[in-house]
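Novice: Provided herewith is a single structure, encoded as structure tokens, for subsequent inquiry.
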Amino acid sequence: MTTKDWRKALISPRESIRKAIQTIDVSAMQIALVVNEQKQLLGTVTDGDIRRGLLKGCSLDDPVSSIMNERPTGVSTEATDEHILALMKQKSLHQIPVVDRQGIVLDLVSISSFLEPPRKDNWVVLMAGGLGTRLSPLTNDCPKPLLKVGGKPILENILNSFLESGFYNFFISVNYKSQMIEEYFGNGSRWGINIHYLRESQKLGTAGSLSLLPSVPQEPFFVMNGDLLTKVNFFNMLSYHEQQNSVATMAVREYEFQVPFGVINSQDKKISSIVEKPVYKFNVNAGIYLLNSSCLKNIPSREYYDMPDLFKLLIQEEEKTLAFPIWEYWLDIGQLNDFQKAQQEFHNVFE
């Protein structure tokens, strides 16, 4: 079983973690193979390796060798498809490099070559009730989730991303021009999914509409803003949430802010140092969440309530709340320039 364009997944150990992210994205294989000049396999880097490195404080400019798995699993050219698939299942691997006796990479096999993504019963709640006033006049006659990017409504792109990861149970929270959204998506049968609607009679914020759920979900469920374009792997995020026994997980993105002036550090009026135009890095809320059903008891019924308020309460109660760092493409379509950027970037990123 051969995978096309596997050579795009190769990377030198001297390259940066940032370059590894680009390599994983370009190859669409969810893995980078770290090789020397002779193309001998030195290690592998996956989504999980990158996130663990970021959580430990690694910089995107650190060498990829600092986070790679130095003992990767590989198979020989004699391995059959049956043997490869069994090894993948045994070791919970999604990709396996094929190497010769000298350790030179000859191919890269993905589990997607054998299997369809597993169906996941977890609910997905999409927030699509906002007015979209910052996108006026585009939203004067059309709700923001129905604005088209890449020839499809923003919300349809989100549904397709979840569907590719095996999720099929959706709830869409609606308010502004809700009839247009419901008419377009219906019950979801066109996509082979289930869609139900949470109808807000008043604005309930990014978490308040969860009080409208018809029952308590049995498994962790996603909550996501309905105006995001992203290539986040939702299956990986769910695995992270479950493996870490998290009560509530928030996807976060690194945000850089450069001070346009020299910053003066002083002590007792004496200047101790001058830092010219420093860059500060922060993790910011990316608008994608995973919650256990126990979180629902904290949400007031039919009242305005935002997701950050829920996390603040959970933190105060010392519940386990985790950050899930995302490095994949992510864009919040909040303003007209964001919408224009989405139009320009969509085909290069998603096709």
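Novice: With VAL252, VAL263 as the choices, which residue is of a type in the set (Val, Ile, Thr), farther than 29 Å from GLN343 by Cα and assigned by TED's automatic domain parsing to the domain that holds ASP338? Working first, answer last.
Specialist: Numbers: VAL252 fails: farther than 29 Å from GLN343 by Cα.
That would be VAL263, the only listed residue that is of a type in the set (Val, Ile, Thr), farther than 29 Å from GLN343 by Cα and assigned by TED's automatic domain parsing to the domain that holds ASP338.
Novice: With the condition being within 17 Å of VAL125 (Cβ to Cβ) and at pLDDT 95 or above, I'd like the strands (runs of 3 or more DSSP E) fully within segment 230-341 carrying at least 2 qualifying residues.
Specialist: Working: elements: 248-258, 262-267, 270-276, 279-291, 321-325, 330-332.
Of the strands (runs of 3 or more DSSP E) lying wholly inside segment 230-341, those with at least 2 residues that are within 17 Å of VAL125 (Cβ to Cβ) and at pLDDT 95 or above span 248-258, 279-291.
Novice: Separate question: Listed residues SER211, SER246, SER239, SER201; which is of a type outside the set (A, V, I, L, M), under 19 Å from the mean Cα position of the chain (by Cα) and farther than 30 Å from ASN348 by Cβ?
Specialist: Numbers: SER211 fails: under 19 Å from the mean Cα position of the chain (by Cα); SER239 fails: farther than 30 Å from ASN348 by Cβ; SER201 fails: under 19 Å from the mean Cα position of the chain (by Cα).
Testing whether each residue is of a type outside the set (A, V, I, L, M), under 19 Å from the mean Cα position of the chain (by Cα) and farther than 30 Å from ASN348 by Cβ leaves just SER246.
Novice: Of all residues in segment 39-54, how many are crowded, with 18+ Cβ neighbours inside 10 Å and either among the hydroxyl-bearing types (Ser, Thr, Tyr) or in contact with a Gly (Cβ under 8 Å, 6 or more places away or on another chain) (or both)?
Specialist: Count: 3.
Novice: Let me ask something else about it. Quick one: which of PRO137, PRO143 is loosely packed, with under 15 Cβ neighbours inside 10 Å and not aliphatic (A, V, I, L, M)? Before the answer, list the steps.
Specialist: Numbers: PRO143 fails: loosely packed, with under 15 Cβ neighbours inside 10 Å.
After applying the criteria, what remains is PRO137.
Novice: Starting from residues that are of a type in the set (A, V, I, L, M) and either at pLDDT 95 or above or surrounded by fewer than 22 Cβ atoms within 10 Å (Cβ to Cβ) (or both), keep the ones in segment 12-32 and report whichever is nearest to GLU345 (Cα to Cα).
Specialist: Of segment 12-32, the ones of a type in the set (A, V, I, L, M) are 17, 20-21, 24, 26, 28-29, 31-32.
Now drop any that are not either at pLDDT 95 or above or surrounded by fewer than 22 Cβ atoms within 10 Å (Cβ to Cβ) (or both), which leaves 21, 26, 28.
Working: ILE21: 17, VAL26: 14, ALA28: 16 Å.
By that ranking, first place goes to VAL26.
Novice: Still on this structure, I have one more. Which one of ASN69, ASN122, ASN36 is under 23 Å from the mean Cα position of the chain (by Cα) and surrounded by fewer than 16 Cβ atoms within 10 Å (Cβ to Cβ)? It would help to see each step written out before you state the result.
Specialist: Numbers: ASN122 fails: surrounded by fewer than 16 Cβ atoms within 10 Å (Cβ to Cβ); ASN36 fails: under 23 Å from the mean Cα position of the chain (by Cα).
Unique residue meeting the criteria: ASN69.
Novice: What are the pairs, 6+ residues apart or on separate chains, where a residue within segment 165-180 that is assigned by TED's automatic domain parsing to the domain that holds VAL216 has its Cβ under 7 Å from a residue that is part of a strand (DSSP E or B) and of a type in the set (D, E, K, R)?
Specialist: Close Cβ pairs (under 7 Å, with a partner that is part of a strand (DSSP E or B) and of a type in the set (D, E, K, R)) amount to GLY166/LYS120; PHE167/LYS120; ASN169/ASP121; VAL174/ARG199; SER178/ARG199.
Yes or no, residue by residue, for (1) surrounded by fewer than 23 Cβ atoms within 10 Å (Cβ to Cβ); (2) modelled with pLDDT under 95:
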position	(1), (2)
GLY166	yes, yes
ILE172	no, no
LYS177	yes, yes
GLU182	yes, no
TRP191	yes, yes
ILE195	yes, no
GLU200	yes, yes
GLY205	yes, yes
VAL216	yes, no
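Novice: Output yes when any residue across segment 178-189 is in contact with a helix residue (DSSP H, G or I) (Cβ under 7 Å, 6 or more places away or on another chain) and within 20 Å of THR206 (Cβ to Cβ), and no when none is.
Specialist: First, the residues of segment 178-189 that are in contact with a helix residue (DSSP H, G or I) (Cβ under 7 Å, 6 or more places away or on another chain): 180-181, 184.
From what's left, within 20 Å of THR206 (Cβ to Cβ): 181.
Within segment 178-189, one or more residues are in contact with a helix residue (DSSP H, G or I) (Cβ under 7 Å, 6 or more places away or on another chain) and within 20 Å of THR206 (Cβ to Cβ).
The values are calculated or read from the model by the stated rules, or taken from the named source; none is laboratory data. Worth saying up front: this structure is predicted, and the values here are computed from it rather than measured. Neighbour counts run over all protein chains shown; Cβ positions are idealised from the backbone, glycine included.
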